[in-house]
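The next block holds one structure in the form of structure tokens; read it before the comments.
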Amino acid sequence: MSRVLRAFPSTLRPVASTSRLSSPTLSLGARFLQTTSDSASHKATEGDLVKVQLHADYFKSHLCDIPSLEMEVSKSQLVDMYTQMVSMRRMEMAADQLYKAKLIRGFCHLAIGQEAVSVGMHNAIKTDDKIITAYRCHPFAVLRGGTIKGVIAELLGRVDGMSHGKGGSMHIFTPTFFGGNGIVGAQVPLGAGIAFAQQYLGQDGDHATFAMYGDGASNQGQVFEAYNMAKLWNLPCVFVCENNLYGMGTSAARSSSNTQYFKRGDLIPGLQVNGMDVLAVTQAVKFAKEWTQSGKGPLLLEMVTYRYGGHSMSDPGTTYRTREEIQHMRSSNDPITGLKNNILEWGVVEESELKAIDKEARHEVEIAVEEAKKSPEPRQDVDMWTDIYYKGTAPMYMRGREREEIHHFKTEESDLHVGGPKQFGASA
């Protein structure tokens with residue numbers, strides 16, 4: 001299969017247009033980061049193991065080497081990655097339809113087009129590694145221990161949701177996934193804090209924290225403060241800038257004087273990664289994990305990716321970029337199509353098996369949606385008072401919306417009650 005060079009620039013500047021901003025371009029002479037989704041080449045297959053050669057321009061580095069361009073991946077893992085990306089897209093497409101049907105209200109940020117980042121990261125780390133991100137979080141919530149039904153129900157505001165219908169799109173958590181955070185950039189110092197806890201508990205030799213944020217949050221002061229503390233204390237923190245080229249409706253070049261986000265960590269080494277190829281993401285995250293485990297401290301990853309839809313469901317996504325730009329990315333750089341092309345070209349499975357995976361993913365999401373719809377909404381008289389305090393640390397009572405509305409917590413819910421649980425932090 002012939003490969004056509006398809007890339008979008010890593011250093012962007014807007015081009016003047018009479019009606020709207022044109023699609024971003026790169027100054028002549030600057031080097032491109034290769035952002036095609038299927039430019040990895042097959043070297044050999046030995047049993048279940050596939051040896052792959054990544055494109056030479058899949059990575060750019062700052063104060064460190066690039067990851068090895070040679071990698072090995074099993075046939076089963078390639079199929080698993082494809083299955084996960086297809087399932088995540090189907091889930092997000094279902095959320096899109098539910099929002100348009102006015103069954104999902106409020107904010108809803110979808111990750112259609114960016115599946116290689118979440119799936120690639122998940123397949124490169126251990127179960128006990130931690131991830132914290134911003135509001136484009138639905139795929140991470142499922143991959144890190146949640147369910148499609150749990151995410152959809154949460155978006156619908158139902159009790160079967162992962163936050164019992166009270167968090168919504170931006171507040172979904174698992175024991176190893178810390179959200180889903182609605183305040184721009186606020187999750188980055190929280191991620192550094194989680195990494196500090198890992199170091200404090202002596203877990204930094206085995207585990208790391210991946211603190212994610214978008215290019216739109218990259219200029220937040222708290223991001224740079226987190227960089228400084230992480231480097232000062234040598235924390236096992238990997239800062240991941242998920243650069244989809246637009247912060248809300250503003251191109252990166254219009255908001256950042258330096259759009260090479262992987263170079264903005266000062267003394268923290270950085271790596272720019274093709275975020276449209278799931279194999280490149282996996283290799284880069286494995287490299288980052290090994291970096292922190294070896295005691296070298298934090299690392300900064302910039303995943304160059306692209307979202308097909310708007311910033312959120314309220315954004316049509318076509319007032320600040322052309323429809324032609326979006327269609328070009330869909331048709332030539334799609335992460336799912338890219339992996340599918342490689343799987344077929346490398347003889348991993350037959351196309352019929354991939355079609356069966358597509359069909360099963362569609363069916364799984366349809367069932368999840370129907371079950372989520374059947375789940376009841378939270379009850380105001382009961383569920384309003386739950387999930388506020390850590391178990392056993394509630395006060396004796398709490399006032400509600402009005403002065404006369406008082407809820408008294410049970411003895412086993414409050415460590416202030418006589419006979420209640422031991423106070424948090426008390427010695428046994």
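The values are calculated or read from the model by the stated rules, or taken from the named source; none is laboratory data. Computed from a predicted model, the values in this text were never measured in an experiment. Reconstructed Cβ throughout: ideal geometry from the backbone, glycine too, with neighbour counts over all protein chains shown.
Residues that are touching a Ser or Thr at 6+ places or on another chain (Cβ under 7 Å) and more than 30 Å from TRP385 (Cβ to Cβ) are absent from segment 168-182.
Do you know which of the residues in segment 142-157 that are in contact (Cβ under 8 Å) with a residue 24 or more places away in the chain and touching an Asp or Glu at 6+ places or on another chain (Cβ under 8 Å) is surrounded by the fewest Cβ atoms within 10 Å (Cβ to Cβ)?
The first filter runs over segment 142-157 and keeps only residues in contact (Cβ under 8 Å) with a residue 24 or more places away in the chain, leaving 142-149, 151-153, 155-157.
The next check asks that each one be touching an Asp or Glu at 6+ places or on another chain (Cβ under 8 Å); those that pass are 148-149, 153, 157.
Numbers: ILE148: 23, LYS149: 23, ALA153: 25, GLY157: 20.
Here the residue is GLY157.
Listed residues GLU366, GLU353; which is part of a helix (DSSP H, G or I) and closer than 22 Å to ASP160 by Cβ? Reasoning before the result, please.
Details: GLU353 fails: closer than 22 Å to ASP160 by Cβ.
The conditions single out GLU366.
Do we have SER352 as out of contact with any Ser or Thr (no Cβ under 7 Å at 6 or more places or on another chain), surrounded by 11 or more Cβ atoms within 10 Å (Cβ to Cβ), among the polar types (S, T, N, Q) and under 25 Å from ILE148 (Cα atoms) here? Full working, then the answer.
Values: out of contact with any Ser or Thr (no Cβ under 7 Å at 6 or more places or on another chain): yes; surrounded by 11 or more Cβ atoms within 10 Å (Cβ to Cβ): no; among the polar types (S, T, N, Q): yes; under 25 Å from ILE148 (Cα atoms): yes.
Here the answer is no, as SER352 does not meet what is asked.
For segment 135-162, residues that are at negative phi, small (Gly, Ala, Ser) and over 18 Å from the mean Cα position of the chain (by Cα) total 2. For segment 66-84, the set of residues classified as surrounded by fewer than 19 Cβ atoms within 10 Å (Cβ to Cβ) and in a loop (DSSP other than H, G, I, E, B) consists of ILE66, SER68, LEU69, listed by residue number. The condition of being of a type in the set (A, V, I, L, M, F, W, C) and either more than 28 Å from VAL281 (Cα to Cα) or outside the structural domain of TYR306 (by TED's automatic domain parsing) (or both) holds for only one of ILE104, ILE132, ILE112, that being ILE104.
In segment 35-65, what residues are farther than 24 Å from THR259 by Cα, among the acidic types (Asp, Glu) and surrounded by 13 or more Cβ atoms within 10 Å (Cβ to Cβ)? Residue satisfying the conditions is ASP38 alone.
So which residues in segment 216-253 are surrounded by fewer than 18 Cβ atoms within 10 Å (Cβ to Cβ) and part of a strand (DSSP E or B)? Scanning segment 216-253 gives a single hit, THR250. Here is the figure for segment 200-215: residues that are buried (at least 22 other Cβ atoms within 10 Å of the Cβ) and assigned to a helix (DSSP H, G or I) total 1.
When MET93 is tested against (1) in the same structural domain as VAL369 (by TED's automatic domain parsing); (2) crowded, with 17+ Cβ neighbours inside 10 Å; (3) within 30 Å of ARG362 (Cα to Cα), only condition (2) is not met. Residue count for segment 337-349 satisfying the condition of being surrounded by fewer than 22 Cβ atoms within 10 Å (Cβ to Cβ), aliphatic (A, V, I, L, M) and assigned to a helix (DSSP H, G or I): 1.
Being in contact (Cβ under 8 Å) with a residue 40 or more places away in the chain and over 30 Å from THR45 (Cβ atoms): is that true of PRO395 here?
Numbers: in contact (Cβ under 8 Å) with a residue 40 or more places away in the chain: no; over 30 Å from THR45 (Cβ atoms): yes.
Here the answer is no, as PRO395 does not meet what is asked.
Taken over segment 94-135, residues that are charged (D, E, K, R) and under 19 Å from TRP291 (Cα atoms) amount to 4. In segment 286-312, the residues that are not assigned by TED's automatic domain parsing to the domain that holds LEU69 never reach a residue that is modelled with pLDDT of 95 or more with C-beta atoms less than 6 angstrom apart, at least six apart or across chains.
Considering GLY216, GLY249, which residue is at pLDDT below 95, in contact with a Ser or Thr (Cβ under 8 Å, 6 or more places away or on another chain) and not acidic (Asp, Glu)?
The match here is GLY249.
Of all the residues that make up segment 160-193, how many are out of contact with any helix residue (DSSP H, G or I) (no Cβ under 7 Å at 6 or more places or on another chain), surrounded by fewer than 22 Cβ atoms within 10 Å (Cβ to Cβ) and part of a helix (DSSP H, G or I)? Count: 2.
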